[in-house]
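Here the structure is laid out as structure tokens; the discussion comes afterwards.
The numbers here are math on the coordinates, done by the rules we state, and not lab data. Keep in mind it's a predicted model, so treat the numbers as computed, not measured. Positions of Cβ are generated from backbone atoms using ideal geometry, with glycine treated the same way; all protein chains shown enter the neighbour counts.
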Amino acid sequence: MSHGDSMHPVSGSNRAASPARSLWIRIAIATGCLLVHACDLGSGGAVELSWSLRPASGSGSDKFVACEARDNQNNLIRAITRVRLHWQVDGMACSHAWSCDANHGATRFEVPRGIADLTLTLECGEPTPGVPECADDQPAALDTYIAPAIVQRDAIRGQTVTLGAVELVVSSAACPCEPCTCPVAAPPTCPQVATDHTSR
């Protein structure tokens, strides 16, 4: 994020602007920042990441798969709606979720300062009204996908931790009943892709 004090005039720009005009420009920028979360440094650090879904198995040649998938009979076999980033710093925990189809997300500067444990989970269905932002909302069954192991990063006020591109492995086999990756109460006949949710 760039700050006005660190920017340098562009060659050929009007460097002799009137003091009054310069003041109004600064007021406009400051007012705009009040309306945009990204301009607010808050009290902590931020986290940015992108994600993609890889199939656990299958004969297809696709390296990555979509958040939703159906079999040849149009049965829903995967229905992931959100990717949620969890953080925990010195016992303080919260999270933020984004649409799975967005493939990218960034928090506000809200992660408490310190060493943060960062994890990802998948969710299903439409967001539930009234559910606190820090709470899980219709989490997917843990035995139907594999998320990366816990990552530790130093959260510093006003700085963004970049996790880069993260891959999650999801079940791609058809289920005779409910979607394989959702819901939490997955029927026992649905295939399982992992029992250890902390490693890949």
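How much net charge surrounds Ser52 when only other residues with a Cβ under 13 Å from its Cβ are counted (Lys, Arg +1; Asp, Glu -1)?
After counting each charged neighbour, the total is -1.
Where a ≥ b ≥ c are the square roots of the eigenvalues of the C-alpha gyration tensor, would you call the range 50-169 rounded, which needs a/c under 1.5, or, failing that, prolate if a/b is larger than b/c, or oblate?
prolate
Starting from the Cα-Cα distance between Arg108 and Glu126, subtract it from 0.36 nm times their residue separation and give me the gain in nm to one decimal.
4.2 nm
Just to confirm a number: summing +1 for Lys and Arg and -1 for Asp and Glu over residues other than Val65 whose beta-carbon lies under 9 angstrom from that of Val65, what do you get?
Overall, the nearby charge balance is +2.
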